[in-house]
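Here's the structure we're looking at; comments come further down.
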Amino acid sequence: MVNNLEAQDSWTSGLQNNYGTPSISLTNGTGASVWDVEGNQYLDFLGGIATNILGHAHPKIVAAISEQASKLGHVSNLYSHPRALELAQKLNSLTGQKSARTFFCNSGAEANEAAFKLSRLTGRTKIVSTIGSFHGRTMGALSLTGQSAKQEPFKPLLKKIKFIPYNDLVAAKRAINKRVAMVIVEPIQGENGVVVPDFGYLRALRDLTSKHGVLLALDCVQTGMGRTGEWFGYEKEGIVPDIITLAKGLGGGLPLGAMIAIGDYATYFEPGSHGSTFGGNPIACASALAAISVLEEDGLLARNAALELTLKLELSKSAIVESVRGSGLLLGIVLKNPVAKQFVSQLQTGGVLANATSDSVIRIAPPLVVTDQQITDFIKTFREVAITHER
Ligand SMILES: Cc1ncc(COP(=O)(O)O)c(C=O)c1O
(Lines give C-alpha, C1' and ligand atoms only; values in the text may rest on other atoms or scores of the structure.)
Protein backbone atom coordinates (compact mmCIF):
# COMPACT_ATOMS: atom_id res chain seq x y z
CA MET A 1 0.00 0.00 0.00
CA VAL A 2 1.55 3.28 -1.08
CA ASN A 3 -1.08 5.92 -0.53
CA ASN A 4 -4.03 6.93 1.60
CA LEU A 5 -6.55 6.53 -1.24
CA GLU A 6 -5.59 2.89 -1.67
CA ALA A 7 -5.90 2.45 2.08
CA GLN A 8 -9.42 3.89 1.91
CA ASP A 9 -10.37 1.45 -0.88
CA SER A 10 -8.91 -1.43 1.06
CA TRP A 11 -10.84 -0.35 4.15
CA THR A 12 -14.19 -0.15 2.37
CA SER A 13 -13.71 -3.51 0.71
CA GLY A 14 -12.36 -5.22 3.82
CA LEU A 15 -13.87 -3.69 6.93
CA GLN A 16 -17.37 -3.02 8.16
CA ASN A 17 -18.53 0.56 8.04
CA ASN A 18 -19.04 1.18 11.75
CA TYR A 19 -16.35 3.87 11.92
CA GLY A 20 -16.74 5.34 8.45
CA THR A 21 -13.64 5.25 6.26
CA PRO A 22 -10.54 6.91 7.80
CA SER A 23 -8.93 9.47 5.50
CA ILE A 24 -5.35 8.49 6.34
CA SER A 25 -3.57 5.25 7.20
CA LEU A 26 -0.83 5.44 9.81
CA THR A 27 2.27 3.28 9.65
CA ASN A 28 4.63 4.36 12.40
CA GLY A 29 5.25 6.84 15.16
CA THR A 30 7.61 8.04 17.81
CA GLY A 31 6.66 10.10 20.85
CA ALA A 32 3.84 12.43 19.82
CA SER A 33 4.61 12.14 16.10
CA VAL A 34 3.07 9.73 13.59
CA TRP A 35 3.51 9.13 9.88
CA ASP A 36 1.03 7.95 7.27
CA VAL A 37 1.56 5.55 4.35
CA GLU A 38 2.60 8.45 2.13
CA GLY A 39 5.27 9.57 4.58
CA ASN A 40 3.36 12.62 5.82
CA GLN A 41 4.17 13.51 9.42
CA TYR A 42 1.53 14.51 11.99
CA LEU A 43 1.60 15.82 15.49
CA ASP A 44 -0.62 13.35 17.34
CA PHE A 45 -2.71 15.48 19.66
CA LEU A 46 -5.35 12.79 20.04
CA GLY A 47 -3.06 10.01 21.25
CA GLY A 48 -5.29 7.14 20.13
CA ILE A 49 -8.14 9.01 21.89
CA ALA A 50 -6.44 9.43 25.25
CA THR A 51 -4.80 6.02 25.00
CA ASN A 52 -1.17 6.40 23.92
CA ILE A 53 -0.20 7.81 27.30
CA LEU A 54 3.54 7.58 26.44
CA GLY A 55 3.07 8.26 22.76
CA HIS A 56 4.32 5.86 20.12
CA ALA A 57 7.17 3.35 20.31
CA HIS A 58 8.38 4.50 23.71
CA PRO A 59 11.67 2.61 24.18
CA LYS A 60 10.79 1.38 27.67
CA ILE A 61 7.45 0.02 26.48
CA VAL A 62 9.05 -1.58 23.43
CA ALA A 63 11.66 -3.22 25.70
CA ALA A 64 9.09 -4.42 28.24
CA ILE A 65 6.79 -5.87 25.58
CA SER A 66 9.65 -7.53 23.72
CA GLU A 67 11.10 -9.08 26.84
CA GLN A 68 7.74 -10.37 27.99
CA ALA A 69 6.87 -11.72 24.53
CA SER A 70 10.13 -13.63 24.49
CA LYS A 71 9.27 -15.26 27.84
CA LEU A 72 5.53 -15.78 28.15
CA GLY A 73 2.89 -14.30 25.86
CA HIS A 74 -0.29 -15.70 27.34
CA VAL A 75 -1.52 -17.90 30.14
CA SER A 76 -5.07 -18.82 31.01
CA ASN A 77 -6.65 -17.60 34.22
CA LEU A 78 -5.98 -21.03 35.70
CA TYR A 79 -2.46 -19.81 36.46
CA SER A 80 -1.04 -16.58 37.75
CA HIS A 81 1.95 -14.76 36.30
CA PRO A 82 4.25 -12.15 37.85
CA ARG A 83 3.29 -9.19 35.64
CA ALA A 84 -0.43 -9.32 36.52
CA LEU A 85 0.40 -9.74 40.21
CA GLU A 86 2.78 -6.76 40.15
CA LEU A 87 0.35 -4.61 38.20
CA ALA A 88 -2.59 -5.40 40.46
CA GLN A 89 -0.50 -4.53 43.53
CA LYS A 90 0.60 -1.30 41.88
CA LEU A 91 -2.90 -0.21 40.83
CA ASN A 92 -4.33 -1.12 44.22
CA SER A 93 -1.64 0.94 45.93
CA LEU A 94 -2.31 3.92 43.65
CA THR A 95 -5.88 4.00 45.00
CA GLY A 96 -4.42 4.41 48.51
CA GLN A 97 -6.84 1.74 49.77
CA LYS A 98 -5.49 -1.47 51.31
CA SER A 99 -8.76 -3.24 50.59
CA ALA A 100 -8.59 -2.55 46.82
CA ARG A 101 -8.60 -5.61 44.54
CA THR A 102 -8.29 -5.60 40.75
CA PHE A 103 -10.07 -7.54 38.02
CA PHE A 104 -8.37 -7.38 34.62
CA CYS A 105 -10.11 -7.26 31.26
CA ASN A 106 -9.31 -5.77 27.85
CA SER A 107 -11.27 -2.55 27.37
CA GLY A 108 -13.30 0.20 28.96
CA ALA A 109 -16.61 -1.39 28.03
CA GLU A 110 -15.52 -4.65 29.65
CA ALA A 111 -14.39 -2.84 32.79
CA ASN A 112 -17.83 -1.23 33.08
CA GLU A 113 -19.56 -4.54 32.31
CA ALA A 114 -17.66 -6.01 35.24
CA ALA A 115 -18.79 -3.13 37.46
CA PHE A 116 -22.37 -3.63 36.26
CA LYS A 117 -22.27 -7.34 37.09
CA LEU A 118 -20.70 -6.70 40.48
CA SER A 119 -23.48 -4.22 41.27
CA ARG A 120 -26.07 -7.00 40.78
CA LEU A 121 -24.45 -8.88 43.65
CA THR A 122 -25.58 -6.15 46.05
CA GLY A 123 -29.09 -7.62 45.75
CA ARG A 124 -30.35 -4.36 44.28
CA THR A 125 -30.91 -3.81 40.57
CA LYS A 126 -31.53 -0.11 39.94
CA ILE A 127 -28.70 1.93 38.42
CA VAL A 128 -28.23 5.67 38.15
CA SER A 129 -26.13 7.02 35.29
CA THR A 130 -25.83 10.47 33.71
CA ILE A 131 -27.12 12.05 30.53
CA GLY A 132 -24.31 12.53 28.01
CA SER A 133 -22.15 9.83 29.60
CA PHE A 134 -20.20 7.27 27.63
CA HIS A 135 -19.43 3.90 29.18
CA GLY A 136 -18.88 1.67 26.13
CA ARG A 137 -20.61 -0.14 23.29
CA THR A 138 -21.35 -3.65 24.57
CA MET A 139 -24.98 -4.19 25.51
CA GLY A 140 -24.47 -3.67 29.24
CA ALA A 141 -22.10 -0.72 28.89
CA LEU A 142 -24.33 0.75 26.18
CA SER A 143 -27.29 0.44 28.54
CA LEU A 144 -25.31 2.60 31.00
CA THR A 145 -24.44 5.15 28.30
CA GLY A 146 -26.55 8.31 28.41
CA GLN A 147 -26.61 9.01 24.68
CA SER A 148 -29.88 8.07 23.00
CA ALA A 149 -28.48 8.21 19.45
CA LYS A 150 -26.06 5.42 20.34
CA GLN A 151 -28.69 3.39 22.20
CA GLU A 152 -31.73 3.75 19.94
CA PRO A 153 -30.91 1.24 17.16
CA PHE A 154 -30.04 -1.46 19.67
CA LYS A 155 -33.07 -1.41 21.94
CA PRO A 156 -34.25 -3.20 23.98
CA LEU A 157 -31.36 -2.59 26.35
CA LEU A 158 -31.06 -3.45 30.02
CA LYS A 159 -33.76 -1.95 32.15
CA LYS A 160 -33.98 -0.05 35.44
CA ILE A 161 -31.30 2.49 34.51
CA LYS A 162 -32.18 6.07 35.34
CA PHE A 163 -30.34 8.88 33.57
CA ILE A 164 -29.99 12.13 35.44
CA PRO A 165 -28.44 15.38 34.17
CA TYR A 166 -24.69 15.50 34.80
CA ASN A 167 -23.55 17.92 37.48
CA ASP A 168 -27.09 18.26 38.82
CA LEU A 169 -27.23 17.53 42.53
CA VAL A 170 -30.95 18.16 42.86
CA ALA A 171 -31.58 15.40 40.32
CA ALA A 172 -29.02 13.17 42.06
CA LYS A 173 -30.76 13.64 45.43
CA ARG A 174 -34.07 12.71 43.87
CA ALA A 175 -32.70 9.61 42.13
CA ILE A 176 -30.41 8.09 44.74
CA ASN A 177 -32.14 5.99 47.38
CA LYS A 178 -31.94 2.62 49.09
CA ARG A 179 -33.24 0.77 46.03
CA VAL A 180 -30.28 1.86 43.89
CA ALA A 181 -27.42 -0.61 43.44
CA MET A 182 -24.89 1.61 41.71
CA VAL A 183 -24.28 5.16 40.58
CA ILE A 184 -21.82 5.26 37.68
CA VAL A 185 -20.25 8.53 36.62
CA GLU A 186 -17.21 9.88 34.78
CA PRO A 187 -15.04 12.42 36.66
CA ILE A 188 -15.08 14.36 33.36
CA GLN A 189 -17.42 13.42 30.50
CA GLY A 190 -14.80 12.84 27.81
CA GLU A 191 -16.81 11.66 24.82
CA ASN A 192 -19.47 14.24 25.54
CA GLY A 193 -16.96 17.00 24.82
CA VAL A 194 -14.74 17.08 27.92
CA VAL A 195 -17.51 18.32 30.22
CA VAL A 196 -16.16 19.13 33.68
CA PRO A 197 -18.54 19.10 36.66
CA ASP A 198 -18.40 21.70 39.42
CA PHE A 199 -15.87 21.04 42.13
CA GLY A 200 -17.73 19.22 44.90
CA TYR A 201 -20.06 17.27 42.59
CA LEU A 202 -18.26 13.97 43.02
CA ARG A 203 -17.94 14.52 46.78
CA ALA A 204 -21.68 15.16 47.00
CA LEU A 205 -22.36 11.99 45.00
CA ARG A 206 -20.08 10.14 47.40
CA ASP A 207 -22.01 11.49 50.39
CA LEU A 208 -25.38 10.60 48.85
CA THR A 209 -24.34 7.09 47.82
CA SER A 210 -22.75 6.39 51.22
CA LYS A 211 -25.88 7.58 52.99
CA HIS A 212 -28.03 5.08 51.09
CA GLY A 213 -25.51 2.23 50.92
CA VAL A 214 -25.18 2.65 47.15
CA LEU A 215 -22.08 1.60 45.24
CA LEU A 216 -20.29 4.56 43.60
CA ALA A 217 -18.45 3.56 40.43
CA LEU A 218 -16.17 6.12 38.83
CA ASP A 219 -15.51 5.48 35.17
CA CYS A 220 -11.92 6.69 34.87
CA VAL A 221 -11.36 5.01 31.50
CA GLN A 222 -10.60 8.32 29.78
CA THR A 223 -9.44 10.42 32.75
CA GLY A 224 -7.22 7.75 34.28
CA MET A 225 -3.52 6.97 34.30
CA GLY A 226 -2.26 10.50 34.78
CA ARG A 227 -4.07 12.21 31.96
CA THR A 228 -5.63 14.84 34.21
CA GLY A 229 -2.49 15.21 36.32
CA GLU A 230 -3.81 12.70 38.87
CA TRP A 231 -3.79 8.93 38.61
CA PHE A 232 -7.53 8.58 38.20
CA GLY A 233 -9.02 12.05 37.79
CA TYR A 234 -11.15 12.30 40.93
CA GLU A 235 -8.47 12.64 43.63
CA LYS A 236 -8.74 16.38 44.15
CA GLU A 237 -12.24 15.79 45.50
CA GLY A 238 -10.64 13.77 48.30
CA ILE A 239 -13.11 10.91 48.00
CA VAL A 240 -12.83 7.13 47.93
CA PRO A 241 -15.07 5.48 45.34
CA ASP A 242 -16.21 1.85 45.62
CA ILE A 243 -15.25 1.00 42.05
CA ILE A 244 -12.77 2.50 39.60
CA THR A 245 -12.84 1.41 35.98
CA LEU A 246 -9.79 1.86 33.77
CA ALA A 247 -8.65 1.13 30.21
CA LYS A 248 -7.28 3.42 27.45
CA GLY A 249 -3.98 4.75 28.90
CA LEU A 250 -3.66 1.82 31.30
CA GLY A 251 -2.00 -0.55 28.82
CA GLY A 252 0.50 2.00 27.50
CA GLY A 253 -0.97 1.42 24.03
CA LEU A 254 -1.89 -2.26 24.43
CA PRO A 255 -5.44 -3.50 25.11
CA LEU A 256 -5.96 -3.67 28.85
CA GLY A 257 -8.84 -2.78 31.15
CA ALA A 258 -9.34 -3.03 34.89
CA MET A 259 -12.17 -2.86 37.38
CA ILE A 260 -10.83 -2.07 40.83
CA ALA A 261 -13.23 -2.67 43.71
CA ILE A 262 -12.68 -1.24 47.18
CA GLY A 263 -13.90 -2.16 50.66
CA ASP A 264 -16.50 -4.92 50.97
CA TYR A 265 -17.12 -4.76 47.22
CA ALA A 266 -13.59 -6.06 46.65
CA THR A 267 -14.74 -9.54 47.67
CA TYR A 268 -18.13 -9.67 45.91
CA PHE A 269 -16.81 -11.66 42.95
CA GLU A 270 -16.25 -15.31 43.73
CA PRO A 271 -14.84 -18.12 41.59
CA GLY A 272 -17.14 -18.36 38.57
CA SER A 273 -18.65 -14.87 38.92
CA HIS A 274 -16.84 -13.35 35.97
CA GLY A 275 -13.87 -13.84 33.66
CA SER A 276 -11.96 -12.95 30.52
CA THR A 277 -9.60 -15.14 28.50
CA PHE A 278 -7.19 -12.34 27.65
CA GLY A 279 -7.81 -10.15 30.71
CA GLY A 280 -4.50 -9.43 32.42
CA ASN A 281 -2.47 -10.78 29.53
CA PRO A 282 1.26 -10.84 30.44
CA ILE A 283 2.38 -8.63 27.52
CA ALA A 284 -0.33 -6.03 28.16
CA CYS A 285 0.51 -6.05 31.89
CA ALA A 286 4.25 -5.67 31.16
CA SER A 287 3.44 -2.70 28.97
CA ALA A 288 1.27 -1.14 31.69
CA LEU A 289 3.97 -1.60 34.32
CA ALA A 290 6.53 0.06 32.04
CA ALA A 291 4.14 2.93 31.35
CA ILE A 292 3.46 3.52 35.05
CA SER A 293 7.16 3.47 35.92
CA VAL A 294 7.96 6.03 33.20
CA LEU A 295 5.06 8.24 34.32
CA GLU A 296 6.48 8.12 37.85
CA GLU A 297 10.19 8.40 37.05
CA ASP A 298 9.78 11.24 34.55
CA GLY A 299 7.35 13.18 36.77
CA LEU A 300 4.86 13.38 33.90
CA LEU A 301 1.75 13.83 36.05
CA ALA A 302 3.07 16.97 37.70
CA ARG A 303 4.03 18.43 34.32
CA ASN A 304 0.43 18.18 33.09
CA ALA A 305 -0.81 21.08 35.19
CA ALA A 306 1.65 23.51 33.59
CA LEU A 307 0.86 22.28 30.08
CA GLU A 308 -2.87 22.63 30.79
CA LEU A 309 -2.38 26.26 31.83
CA THR A 310 -0.30 27.09 28.75
CA LEU A 311 -2.76 25.45 26.36
CA LYS A 312 -5.80 27.06 28.00
CA LEU A 313 -4.18 30.48 27.98
CA GLU A 314 -2.81 30.36 24.43
CA LEU A 315 -5.76 28.68 22.71
CA SER A 316 -8.24 31.05 24.37
CA LYS A 317 -6.54 33.94 22.59
CA SER A 318 -8.11 32.96 19.26
CA ALA A 319 -11.32 34.90 18.67
CA ILE A 320 -13.20 31.78 17.54
CA VAL A 321 -12.57 30.03 20.86
CA GLU A 322 -15.38 30.36 23.38
CA SER A 323 -13.55 28.51 26.16
CA VAL A 324 -11.08 25.73 26.81
CA ARG A 325 -12.23 23.23 29.42
CA GLY A 326 -10.83 20.05 30.90
CA SER A 327 -7.99 18.99 33.10
CA GLY A 328 -4.33 18.20 32.43
CA LEU A 329 -3.95 16.89 28.90
CA LEU A 330 -7.64 16.13 28.33
CA LEU A 331 -9.01 19.36 26.94
CA GLY A 332 -12.12 20.40 25.04
CA ILE A 333 -11.79 23.53 22.92
CA VAL A 334 -15.26 25.03 22.63
CA LEU A 335 -15.74 27.08 19.46
CA LYS A 336 -18.17 29.94 19.03
CA ASN A 337 -19.35 28.53 15.69
CA PRO A 338 -20.32 24.95 14.74
CA VAL A 339 -17.21 24.39 12.61
CA ALA A 340 -15.33 21.85 14.74
CA LYS A 341 -15.35 19.10 12.09
CA GLN A 342 -14.03 21.41 9.38
CA PHE A 343 -11.49 22.83 11.85
CA VAL A 344 -10.21 19.33 12.67
CA SER A 345 -9.85 18.48 9.03
CA GLN A 346 -7.90 21.72 8.46
CA LEU A 347 -5.68 20.82 11.42
CA GLN A 348 -5.02 17.45 9.81
CA THR A 349 -4.06 19.12 6.53
CA GLY A 350 -1.73 21.30 8.62
CA GLY A 351 -0.18 18.18 10.17
CA VAL A 352 -2.03 17.94 13.48
CA LEU A 353 -4.41 15.18 14.64
CA ALA A 354 -7.30 16.04 16.98
CA ASN A 355 -10.99 15.21 16.93
CA ALA A 356 -14.39 16.88 17.06
CA THR A 357 -16.68 15.49 19.74
CA SER A 358 -19.54 17.63 18.40
CA ASP A 359 -20.11 20.46 15.92
CA SER A 360 -18.51 22.96 18.26
CA VAL A 361 -16.03 21.07 20.44
CA ILE A 362 -12.51 19.93 19.51
CA ARG A 363 -10.91 17.42 21.86
CA ILE A 364 -7.18 17.13 22.39
CA ALA A 365 -5.54 14.36 24.41
CA PRO A 366 -1.87 14.26 23.43
CA PRO A 367 0.59 11.76 24.88
CA LEU A 368 2.03 12.88 28.22
CA VAL A 369 5.50 12.75 26.63
CA VAL A 370 4.59 15.59 24.25
CA THR A 371 7.52 18.01 24.18
CA ASP A 372 7.35 21.73 24.95
CA GLN A 373 8.27 22.40 21.33
CA GLN A 374 5.38 20.22 20.14
CA ILE A 375 2.98 22.17 22.38
CA THR A 376 4.26 25.38 20.76
CA ASP A 377 3.90 23.85 17.28
CA PHE A 378 0.34 22.78 18.04
CA ILE A 379 -0.64 26.24 19.25
CA LYS A 380 0.88 27.77 16.10
CA THR A 381 -1.03 25.45 13.75
CA PHE A 382 -4.22 25.91 15.77
CA ARG A 383 -3.93 29.69 15.40
CA GLU A 384 -3.27 29.45 11.67
CA VAL A 385 -6.49 27.47 11.23
CA ALA A 386 -8.40 29.69 13.67
CA ILE A 387 -7.52 32.78 11.62
CA THR A 388 -9.21 31.29 8.53
CA HIS A 389 -12.45 31.24 10.57
CA GLU A 390 -12.09 34.77 11.80
CA ARG A 391 -11.87 36.55 8.49
C1 LIG B 1 -15.29 7.11 29.95
C2 LIG B 1 -15.26 5.94 29.01
N3 LIG B 1 -15.73 4.76 29.43
C4 LIG B 1 -15.71 3.69 28.63
C5 LIG B 1 -15.23 3.76 27.35
C6 LIG B 1 -15.23 2.53 26.48
O7 LIG B 1 -13.93 2.08 26.33
P8 LIG B 1 -13.58 1.00 25.20
O9 LIG B 1 -13.71 1.67 23.89
O10 LIG B 1 -12.16 0.58 25.53
O11 LIG B 1 -14.53 -0.13 25.37
C12 LIG B 1 -14.72 4.97 26.89
C13 LIG B 1 -14.21 5.09 25.51
O14 LIG B 1 -14.12 6.14 24.94
C15 LIG B 1 -14.74 6.09 27.73
O16 LIG B 1 -14.28 7.29 27.33
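The values are calculated or read from the model by the stated rules, or taken from the named source; none is laboratory data. Just so it is clear, the structure is predicted and the values come from calculations on it, not from any experiment. As a convention, Cβ positions derive from the backbone with ideal geometry for all residues, glycine included, and neighbour counts pool all protein chains shown. Heavy atoms of the whole protein, side chains included, go into the accessibility calculation; ligands, DNA and RNA do not. Shrake-Rupley method; radii C 1.70, N 1.55, O 1.52, S 1.80 Å.
Solvent exposure of the chain, expressed per residue, is 44 Å² of accessible area, with all protein chains present and a 1.4 angstrom probe. Applying 0.36 nm per residue to the separation of ILE131 and LEU5 and subtracting their alpha-carbon distance, the gain on full extension is 41.5 nm. Computed on the chain, with alpha-carbon pairs under 8 angstrom and 6+ residues apart, the relative contact order is 22 percent. Straight Cα distances below 28 angstrom link LYS341 to the lysines LYS150, LYS248, LYS312, LYS317, LYS380, with same-chain residues fewer than 8 positions distant left out. In summary, the chain shows an alpha-carbon radius of gyration equal to 0.98 times the 2.2 N^0.38 Å reference for compact globular proteins.
Distant-in-sequence amide contacts of GLY193, defined by a placed amide H-H separation under 5 Å and a gap of 5 or more residues or a different chain, comprise nothing. Between the amide H of SER107 and those of GLY257, distances stay under 5 Å, these residues lying 5 or more places away or on another chain, with hydrogens modeled in the peptide plane. Entry note, the chain: the mean residue ellipticity at 222 nm calculated from DSSP H runs of n ≥ 4, each adding -39500 (n - 2.57), is -11000 deg cm²/dmol after division by the residues and rounding to the nearest 500. When each of the peptides 136-144, 150-158, 300-308 is scored by how many other beta carbons lie within 10 Å of its residues on average, the order from highest to lowest is 136-144, 300-308, 150-158. Taking packing as the residue-averaged number of other Cβ atoms within 10 angstrom, the listed peptides 355-365, 170-180 run from highest to lowest as 355-365, 170-180. Could you name the lysines whose alpha carbon sits less than 22 Å from that of LYS178, not counting residues in the same chain fewer than 8 places away? Within reach: LYS117, LYS126, LYS159, LYS160, LYS162, LYS211. Taking packing as the residue-averaged number of other Cβ atoms within 10 angstrom, the listed peptides 19-25, 229-235 run from highest to lowest as 229-235, 19-25. For THR27, the amide hydrogen comes within under 5 Å of the amide hydrogens of TRP35, ASP36, VAL37, counting only partners 5 or more places away or on other chains and with H modelled in the peptide plane. With the full set of protein chains in place, find how many percent of the accessible area of the chain is carbon and sulfur; take the probe as 1.4 Å. Carbon and sulfur together cover 55 percent of it.
Taking every DSSP beta bridge with both residues inside the chain, roughly what % is antiparallel (nearest 5)? Close to 65 percent.
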